[in-house]
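Trainee: Let me give you the structure first, and then I'll get to my questions.
The values are calculated or read from the model by the stated rules, or taken from the named source; none is laboratory data. Since we're looking at a predicted model, the values are computed, not measured. Cβ placement follows ideal geometry from the backbone for every residue including glycine, while neighbour counts extend to all protein chains displayed.
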Amino acid sequence: MKINKIVIGGFTLLLSISACDNLNYKEYTSQNEDYMKVTYERVTGLLNNVYTKLDTDFGNNYSGGMLASACDEADYAYANNSVCDFTNGNWSPTNALSVLGPTAMKPFKYVMNTWLTTRD
Amino acid sequence: MIPMVLACLSVQVGAQEYNDSLATTGYAKTQSAAERTSSVSIIKNEDFNKRSAKNIGNSLFGQGAGLMTLQGNGQYSNAEPTFYIRGLKTMSKNNPLILVDGIERDIDKITSEEVENVIVLKDAAAVAIYGYKGINGVINIETKRGKYRTKEVNVSYEHGFEWQARKPQFVNSATYATAVNEALANDGMLPRYSQDELNAFNSGTLPYLYPNVNWVDETMGELASTNIYNVSFRGGADKFRYYALGSLINNKGFIGSPNENEGYSTQDQYSKANLRMNLDIDLTNNTKLKLNILGSLMETRSPGAIDTNIDDTSGDLNIWSSMLYVLPSAAFPIKLEDGTWGGNSTWKGTLNPIAMSQGAAYSKQHERSVFADMTLIQNLSSITPGLGASVMISYDNTALFRENHSKTFVYGSDIVTSWENGVPATTTHFSEGKDSDMGSAAKVTTYKKAFNVSGTLYYDKALNEDHHLYSQLKWDYESRKFIGLNTTYYRYNTSLYTHYGYKDKMFADLSISASASNRMAPGSKWAISPTLSLAWVISKEDFMKDNEWINFLKLRASAGVINSDQLPLDSNGNEVYNYFEQTYGGGSTYPLAPNDGLLGSYVLGRLASPSLRHEKAYKYNIGVDASLFNSLDITLDGYYERRSDIWVDSKGKYSSILGFDTPFENAGIVDSWGVDFGANYTKKIGEVKLNTGANFLFAKNKIVEQLEEARLYSNLVTTNDPLKQTYGLQAIGFFKDQADIDNSPKQLFSDVKAGDIKYKDVNKDNVIDSNDKTAIGYSTTAPEIYYSFHLGADWKGLGFDAMFQGTGRYSAVLNTKSLFWPLINNTTISQEYFDNRWTPENQDAKYPRLSSQSNDNNYQTNTLWLADRSFLKLRSVEVYYKLPQCLLQKTKVVRNAKLYVRGIDLLCFDNVKVADPECYGAGYPLTRSVVAGVSIGF
């Protein structure tokens, strides 16, 4: 009977230890809205993101070609460059480039949706 | 009552489905098959332990109605099958829950010898008490236990020879050079090899400059060998039972010359030692203690390097996939004249499989595991008759250490720079790499820890002559931790299970389980899953009493809802834990800071999920269990399941005007339905005992809803198709010539030439592009039909047994590099492709023209590469002789002795032919083996 009691006692102890609530345990941290509102820098960053959706046009959207190369005054030297698509007939609904395509809509979408998701 | 049923059934020797009263299906009290209302199939040790496999998983091919066991890898240390119960049922994870003695555990260390039964739980009623984890079905591995007042010692030894079946055949160097030149010419480029060089390859007189090496044969030996030793002790006294097993498995792989180095071998090796102890102690008449411990040590070695930073072995240099499936026979010589390993700038010496298997030393992995659990069962009849309680606690721990002892070496080659009169005039020497000492990096790369506790209160009572009640309330707690982030799980499960029997004819089971998990979002952690099942034993009714040929007949039906804690999967198949939280992350920069500096930005992350439900299954099952003519057992099940609230990415639901990553929603719905069937027939004719049986599973499914985006053409719609359906283009032959190309719809993938694949314009828009893809063939993940049959006979201890297993409605996409898609990125070409390629003279070819680069037109999923993957394999065949008892009695020591020879996977009937239908990728080919064994009982 003695060993019996030790075993039962041991089980009871273990049950009481393990019965604590672990259901809220997690290992990830999420940067939520409160985190964003804490510093001025983060709020600025949130607004600044709108501008990152614009074409910065230092030759970083069309494989090195600037939008200027799409006009008659400046031909891009490499005929295969994607900026030439504006002028060589490859500009089409399936190759929308940026001016009329989805990328151009991004800043507007972004502003609208940020407003929609953060308003109270 | 129940003993009577068993008595009437016990006449059937080896009857698989009904003599299983000891198999535990998860309840505190074991139920007999007659009173079971759920769909369960039970596989016994004497049925599955015939493959001399390294572990229990690899013993289960074709076993159990409703269970799909699919083979994959041929490397001994990594060969683990994939299991599905009744096929695919969801877009998220389909893996069943695998238990060892009721606790979720890895089964790659469990030997077949230590397993008594494998219990496959299929319908809602059977998996109800497993809470969130049971949604895809449950496989419970039940280990052996001791027996009261007996004593037996069993010793067995098995020795096996394996060989690699269907090794790929690559062309010799002269053919390779011709093929490369032809491919370059097809692509409109200049040849790589001059006529002088072609002559040199043909004559073979300059083996160090123009070699011809059959890398597969030079690297791989003919045979590998396996030794399996088992010693087991089983028995007990009046109040004590034990089962103990010591097991050792040792496999030496296929590396042809592993002993070229002093002090160590570079062979592919696997060895594992298991020590198991299962004890049952009757502390008092009312208190029983169960104790199970398994300790396992595993060591594998492989030539060359392994990454000590990751657990994932896919990044390691694999001799087959990185070298033998890449290197052409013309690449470089094995060794130069001065003994340096061969290698050049196109094919580095690190691709030289012989250098890597002999001169790069070795790497090692150790795995140490302990699985321990203890159960205390207390009869509480003193409070009220029939009451009892049990408590279980378990702790499992596994750690994997990786040691990288590899070294690097110098490699080089001589390259001819000019020719004069058909002989090389000048050469340059290329040399790279350096000789290093053996490495010593070591790290723990995998660590797993699991802690389980459960408590059960049960009440088992015959209320009166007609009514019998069993009820249990079970509480489970689980904590499971793996190495890495977001890999700690806590789950609770409380289940109330009630089993009611009326006159041993009618049975009704009701389960209600409440489950919780830390993986789910706050507010949705708990879910309740109810299940109801009924059974009617018709053979017990009065009107069936006089029936001579129906020994047993039972109808079953079950229905239930099972919830799960499956998480959304991102596009890479990784689980998303914080799906319910709106997060922000860093975005790109814009030059708005002072002095044109870049200013950082923050951006809204994936939108938080609006719905927080659980993936759930509505499972329905009807079944018949029957035993006929005193010799035939049949079980037949039909099932239907609707899986709903499956997590899917909602990007198809919203227009891109949303501007953000779309949230996950509980919107997916998949229906699955099918039939599984098992039969077993045992008959004694004179001195001959015959046993035959079959299993059959037909599993269909259909995606009903997955928030698919609006498609331009109906052939691109994947909703209403099966899960993992293969999609591709429809090949309608090869372009004969330029005129044929001009007269056909334009193919936009690349510039097509004669000999390229011609596709059907499925959407009739007069151009061929990715919009012409459509459903072709079946799934490559799981077959729709899985079946097996076995046949055995025994005459005075001499007997044989053969097991066949097959699949149907199963597809393969033959995109293996070199073998089916040759020459891309300087890979080699198989003899099969070379002999069957398209040339202007061979218009009726099997494969398209050669091209020297990845050809966007030809090398994509289409019906040309699609193959029927269905097969029929002879999984095992055994011939044995059990020494006669009269002879053994004279020894007074030996109780039984069995000698046997087994053939494993000896035959394969299929349509792929050049590769194994289950393993056609660029990996280790599957092996076949012959095993001789002896088993002696004392």
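Trainee: Which condition number does A:TYR40 fail, the rest of (1) at pLDDT 80 or above; (2) at the interface with chain B (Cβ under 7 Å from one of its Cβ atoms) being met?
Mentor: (2)
Trainee: Name the one entry in B:ALA694, B:ALA608 that is outside any strand (DSSP E or B) and crowded, with 16+ Cβ neighbours inside 10 Å.
Mentor: Matching residue, one of B:ALA694, B:ALA608: B:ALA608.
Trainee: Now for a separate question. Can you tell me which residue within the range A:45-60, out of those that are within 13 Å of chain B (Cβ to nearest Cβ) and not in a helix (DSSP H, G or I), is modelled with the highest pLDDT?
Mentor: Once the filter is applied, the top-ranked residue is A:LYS53.
Trainee: Could you pull out every one of the helices (runs of 4 or more DSSP H) wholly within the range B:164-242 that has 2 or more residues that are touching a Lys or Arg at 6+ places or on another chain (Cβ under 8 Å) and modelled with pLDDT under 95?
Mentor: Correct list: B:173-186.
Trainee: Consider the range B:477-498. How many of its residues are in a strand (DSSP E or B) and under 30 Å from A:LYS26 (Cβ atoms)?
Mentor: 15
Trainee: What number goes with the only condition from (1) part of a loop (DSSP other than H, G, I, E, B); (2) in contact (Cβ under 8 Å) with a residue 12 or more places away in the chain; (3) among the charged types (D, E, K, R) that B:ASP280 does not pass?
Mentor: (1)
Trainee: Separate question: Suppose the filter is away from chain A (no Cβ under 14 Å), under 19 Å from B:SER517 (Cα atoms), at pLDDT 90 or above and out of contact with any Cys (no Cβ under 6 Å at 6 or more places or on another chain); does B:LYS474 pass it?
Mentor: no
Trainee: Still on this structure: Can you go through B:SER314, B:SER345, B:SER302 and tell me which one is in contact with a Ser or Thr (Cβ under 7 Å, 6 or more places away or on another chain) and at pLDDT below 95?
Mentor: B:SER302
Trainee: Wholly within the range B:852-938, which strands (runs of 3 or more DSSP E) include no fewer than the required count, namely at least 1 residues that are out of contact with any Lys or Arg (no Cβ under 9 Å at 6 or more places or on another chain) and either free of Cβ contacts under 8 Å to residues at least 12 places away in the same chain or of a type in the set (Val, Ile, Thr) (or both)?
Mentor: Counting at least 1 such residues, we get B:896-910, B:927-937.
Trainee: Let me ask something additional. Which residue pairs have Cβ atoms closer than 9 Å, lie 6 or more positions apart in sequence or on different chains, and pair a first residue in the range B:441-453 that is within 14 Å of another protein chain (Cβ to nearest Cβ) and surrounded by 17 or more Cβ atoms within 10 Å (Cβ to Cβ) with a second residue that is among the hydroxyl-bearing types (Ser, Thr, Tyr) and outside any strand (DSSP E or B)?
Mentor: Close Cβ pairs (under 9 Å, with a partner that is among the hydroxyl-bearing types (Ser, Thr, Tyr) and outside any strand (DSSP E or B)) amount to B:PHE451/A:SER18; B:VAL453/A:SER18.
Trainee: Quickly run through the range B:488-503 and pick out the residues that are at pLDDT 90 or above, over 19 Å from B:ILE528 (Cβ atoms) and either loosely packed, with under 15 Cβ neighbours inside 10 Å or hydroxyl-bearing (Ser, Thr, Tyr) (or both).
Mentor: So the first thing to find is which residues in the range B:488-503 are at pLDDT 90 or above, and the list is B:488-502.
From the residues that got through so far, the ones that are over 19 Å from B:ILE528 (Cβ atoms) too are B:488-489, B:499-502.
Across the range B:488-503, the qualifying residues are B:THR488, B:TYR489, B:TYR500, B:TYR502.
Trainee: Can you pull out the residues in the range B:638-668 that are buried (at least 16 other Cβ atoms within 10 Å of the Cβ), within 14 Å of chain A (Cβ to nearest Cβ) and aliphatic (A, V, I, L, M)?
Mentor: Scanning the range B:638-668 gives a single hit, B:LEU658.
Trainee: Still on this structure, please answer the following. Of all strands (runs of 3 or more DSSP E) completely enclosed by the range B:80-143, which ones contain at least 2 residues that are touching a Cys at 6+ places or on another chain (Cβ under 7 Å) and polar (S, T, N, Q)?
Mentor: Hits in the range B:80-143: none.
Trainee: Sticking with this structure for a sec: Could you figure out which of (1) surrounded by fewer than 18 Cβ atoms within 10 Å (Cβ to Cβ); (2) touching a strand residue (DSSP E or B) at 6+ places or on another chain (Cβ under 7 Å); (3) within 14 Å of chain A (Cβ to nearest Cβ) isn't true of B:PRO594?
Mentor: B:PRO594 satisfies every listed condition except (2).
Trainee: Another question about this same structure. Restricting the search to the range B:803-845, which residues are under 26 Å from B:LEU874 (Cα atoms) and not hydrophobic (A, V, I, L, M, F, W, C)?
Mentor: Initial filter on the range B:803-845 (under 26 Å from B:LEU874 (Cα atoms)): B:803-814, B:816, B:819, B:832.
B:GLN805, B:GLY806, B:THR807, B:GLY808, B:ARG809, B:TYR810, B:SER811, B:THR816, B:GLU832, listed by residue number.
Trainee: Here is a further query. Look at B:ASN666 and say whether it is free of Cβ contacts under 8 Å to residues at least 60 places away in the same chain and part of a strand (DSSP E or B).
Mentor: So B:ASN666 fits the description; yes.
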